[in-house]
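> I'd like to ask you about the structure that follows.
The values are calculated or read from the model by the stated rules, or taken from the named source; none is laboratory data. All values derive from a computational prediction rather than experimental measurement. Quick reminder, even Gly has a Cβ in these numbers, built from the backbone with ideal geometry, and neighbours come from all protein chains shown. The area values use the complete protein model at the heavy-atom level, side chains included, leaving out ligands, DNA and RNA. Shrake-Rupley method; radii C 1.70, N 1.55, O 1.52, S 1.80 Å.
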Amino acid sequence: MKKKSFSIFPLWRKYKILLYLNLTVILVLSMTLSLSAAGFGEGNSYPIDNPQQVTVKGTITDATTGEALPGVNIVVPGTTIGTMSDASGNYSLAVPGSTAKLQFSFIGYVTQDVALAGQTTVNVTLTSDVAQLSEVVVVGYGTQLKKDLTGSVSNVSAARLLDRPAFDVAQSIVGKIAGVKVIERSGQPGGNAMIRIRGTNSINSNNDPLVVVDGIVGVSNAMSILNPNEIQSMDVLKDASATAIYGARGSNGVIIITTKRGLSGKTQVEYNGYVSKGTMNRHFYVLNAEQMMYVTKQAWMNVTKYSTAPNWPACFDAQILSDAGVSLSDHKTYSDMTYLFGQTAPGSYIIPLIGADGKSYKPRFYTDWENKTFVPSTSTNHQFNIRGGNEKAKFGTFLNYALEDGLLLNSYFNRFSGKLTGDINVTDWLNISTNIGVNKNKERSNDVSYFSGGIGRAAVEAYSILPIKYPNDPAIYGAYADQYASNADFPAGETPHTPVAISDNVETYDYRTQYTADITLNFKISSDLTLKSNFSVDGNTHKYTNYGGRSIETGNQGYARIYHQDTFYWQNENYFNYQKTFGDHSITGLLGLSWSRYTYVYANLDNNHFFDDFYGIHNIGIGTAPRPGVSSNDSQNSLNSYFARANYSYKGKYMLPLTGRVDG
């Protein structure tokens with residue numbers, strides 16, 4: 001018998017890495033045991049760099065009056081450690097010993113940082129923030145100093161409106177005004193956002209706030225058509241005290257917009273613009289072609305187990321039908337749908353799909369409908385301003401072009417706008433201001449009225465085995481050649497139309513033209529009394545067109561609609577403003593009256609049953625609907641108003657506002 005020799009060296013070479021690891025673990029354990037033996041275990045405490053707490057206390061007072069200030073915020077900068085002063089202005093705060101300073105802040109006062117330098121008693125005097133309190137805000141039919149306000153009014157400056165790219169005013173104020181909620185109704189380009197001031201006030205009536213632009217009350221679509229670059233400031237009146245001057249129309253809050261005008265001095269040329277790119281933030285989780293065929297086949301394999309009345313005509317697999325004892329002659333199988341399925345070698349496709357001829361098939365197409373329906377978008381906004389003048393006369397020219405491109409295929413919003421302003425000081429007691437603006441919009445959207453859920457639903461439910469359009473090869477695709485695919489081509493579900501077919505065969509456009517103009521006369525009767533008289537107009541033309549092609553509107557054989565609406569609003573307002581200060585007393589007063597009229601006219605025409613899609617909405621008369629839809633309407637309303645306001649202030653601390661309005 002041959003003896004076998006044994007050597008440790010081959011094993012050493014083979015397992016040396018494992019031995020190194022074991023030695024390392026042993027060394028670590030040894031160090032741990034040594035540390036424990038040395039006393040670094042439980043039951044022993046050792047000093048750590050954790051400074052002791054120090055209590056700092058003191059009193060906070062007004063630098064001018066010496067009065068105690070309750071409610072002052074005291075914080076350690078960069079931490080969450082803080083407190084507030086009590087009713088007597090006293091505070092007490094436990095802080096780490098290493099704290100270098102405290103920060104004291106209070107509304108209407110200048111924020112102050114105070115170094116501790118080992119002190120435990122720190123008394124602080126805060127000075128009034130004169131700049132903040134002297135800020136002028138716009139209220140109804142006038143202005144007030146912020147310190148004199150008794151109602152709830154928020155102001156947003158032009159710089160803050162433009163601190164991020166925004167296509168319209170609604171987008172520019174999102175998250176910037178306390179109590180104002182902006183909700184995008186949809187992702188549609190140019191869509192009107194829903195704006196709520198201090199919540200919803202009624203479940204039956206309109207909850208939109210009243211919008212006043214350069215003194216024109218109730219400007220239509222102002223929040224969606226105005227360009228933020230044109231705005232000088234925005235003031236939001238929130239509570240009853242602030243909105244009372246506008247009566248019932250201001251019950252949902254009032255947004256007062258003041259646009260930019262000319263400047264005295266050297267002529268200024270300004271440009272502001274941006275380009276943005278949009279992409280899908282979230283994605284659909286849908287089945288690809290292989291997954292879809294797997295799920296479909298599994299469903300029909302289980303139909304005899306879970307269904308008491310199998311719907312066999314919708315099963316396309318010859319093997320399943322044969323196993324169920326169903327005759328193949330009455331059923332459509334993969335071999336009968338060569339426009340969707342092509343022959344393949346047995347076993348070459350992951351899911352065995354058997355036709356009536358016994359051969360294997362696989363889908364010809366795979367389409368990612370999300371990528372075809374939602375495409376990256378590019379939006380742009382360009383603002384061009386020219387402003388100048390002198391002390392006698394000022395002028396302003398404002399031009400804007402904007403394009404908001406939607407992620408949804410074939411959706412966009414175009415805006416062209418222009419404005420001219422002029423301000424002339426005729427005499428020491430009279431100046432004239434005028435403003436003329438034009439805004440023209442064109443919007444294309446994909447109408448979703450053809451079935452519940454619209455294109456978004458179609459993008460999810462369209463079968464991934466379908467093409468957008470079948471190739472133009474009648475030899476293979478027969479009657480389907482060069483036609484849009486449909487879920488009906490593989491009839492096993494709902495929503496027959498694909499999203500691309502809807503987008504290409506449905507054309508929905510909105511055209512809006514709006515013009516505003518006003519002229520204002522300002523009379524200085526005395527140093528305390530002024531009279532303002534203005535005449536303003538707001539005209540709107542809105543045209544809506546929609547055409548649904550015959551392949552989409554199959555029941556109606558095509559559908560066309562044109563809707564045309566004209567509105568016109570004019571107002572004339574005349575009011576006195578009085579302001580007088582004597583000693584510790586201050587009085588301001590407003591007395592005025594206004595007239596306004598609003599007219600509305602619309603006409604609607606729709607028709608269906610077209611023999612061809614060639615004309616679209618351009619010749620609705622060729623439709624052969626038994627009763628084409630024809631309707632029209634017009635209305636008008638007038639308003640005569642009287643309003644007054646008085647504010648009394650004593651020492652700038654005690655104020656009494658009185659406001660009244662009568663509408664009829």
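> When only Cα pairs under 8 Å and 6 or more residues apart are kept, what is the percent relative contact order across the chain?
Relative contact order comes out at 8 percent.
> Only helices at least 24 Å long along their axis, Cα-based, and averaging 0.0 or more on Kyte-Doolittle count here, so list those DSSP H runs from the chain. Don't jump to the answer; show the numbers that get you there.
Numbers: long enough: 8-37 (40 Å, 1.26).
Qualifying helices: 8-37.
> Restricting to DSSP loop positions (anything but H, G, I, E, B) with no more than 12 other Cβ atoms inside 10 Å of their own Cβ, which trypsin sites (Lys or Arg not before Pro) remain in the range 621-664? Mind dumping the intermediate values first?
On the way: sites: Arg645, Lys651, Lys653, Arg661; in loops: Lys651, Lys653.
Taking the range 621-664 and a limit of 12 other Cβ atoms within 10 Å, the loop trypsin sites (Lys or Arg not before Pro) found are Lys651, Lys653.
> To two decimal places, what compactness ratio does the chain give when its Cα radius of gyration is scaled by 2.2 N^0.38 Å? Mind showing how you got there, number by number?
On the way: Rg = 37.5 Å, N = 664, 2.2 N^0.38 = 26.0 Å.
Output field value: 1.44.
> Per residue of the chain, what 222 nm ellipticity follows from adding -39500 (n - 2.57) for every DSSP H run with n ≥ 4, rounded to the nearest 500? Intermediate results must be reported in sequence, preceding the final value.
Working: 13 runs with 97 residues, N = 664.
My calculation for the chain gives -4000 deg cm²/dmol from helical runs alone.
> Another one. Just to check I understand the Karplus step: with θ = phi - 60° and J = 6.51 cos²θ - 1.76 cosθ + 1.60, what whole-Hz values come out for the range 164-179, glycine and proline as x?
Along the range 164-179, the couplings run 8, x, 9, 7, 9, 5, 4, 5, 6, 9, 4, x, 10, 10, 4, x Hz.
> With a 1.4 Å probe and every protein chain kept in, tell me what percent of the accessible surface of the range 49-108 is carbon plus sulfur.
51
> Just the accessible area per residue of the chain, please: how many Å² with a 1.4 Å probe?
Accessible area per residue, the chain: 55 Å².
> Restrict the search to the range 234-305; then list the chymotrypsin sites (Phe, Trp or Tyr not before Pro) that DSSP places in a loop and that have at most 10 other Cβ atoms within 10 Å of their Cβ.
Within the range 234-305, the qualifying chymotrypsin sites (Phe, Trp or Tyr not before Pro) (loop, at most 10 other Cβ atoms within 10 Å) are Tyr285.
> Please give the net charge around Tyr349, taking every other residue with its beta carbon less than 11 angstrom from that of Tyr349, where Lys and Arg add +1 and Asp and Glu add -1. Could you put the intermediate results ahead of the total?
On the way: positive: Lys362; negative: Glu290.
So the environment of Tyr349 carries a net charge of 0.
> Moving on. Each residue of the range 559-576 in turn: what ³J(HN,Hα) in whole Hz from Karplus with 6.51, -1.76, 1.60 and θ = phi - 60°, glycine and Pro shown as x?
9, 10, 8, 10, 10, 10, 9, 10, 10, 9, 10, 9, 9, 10, 10, 9, 8, 9
> List the lysines whose Cα sits under 19 Å from the Cα of Lys359, skipping any in the same chain fewer than 8 residues away.
Here the lysines satisfying the reach criterion relative to Lys359 are Lys297, Lys332.
> Rank these residues by their accessible area, most exposed first, probe 1.4 Å: Lys440, Lys532.
Lys440, Lys532
> Of the accessible area of the range 538-664, with the probe set at 1.4 angstrom, what percent is carbon plus sulfur? Write down the numbers at each step before the final one.
Numbers: 3970 of 7160 Å².
Reported share for carbon and sulfur atoms: 55 percent.
> Now for a different question. Explain nothing, just compute: Karplus ³J(HN,Hα) = 6.51 cos²θ - 1.76 cosθ + 1.60, θ = phi - 60°, for every residue of the range 267-273 in order, whole Hz, x for Gly and Pro.
4, 10, 10, 10, 9, 9, x
> Cα to Cα, under 29 Å, and not fewer than 8 places away if on the same chain: which lysines meet these conditions relative to Lys101?
Of all the lysines, those that pass the test against Lys101 - Cα under 29 Å, at least 8 places apart if same chain - are Lys57.
> So, with a 1.4 angstrom probe, what is the percent of accessible area on the range 381-521 that is carbon and sulfur?
59
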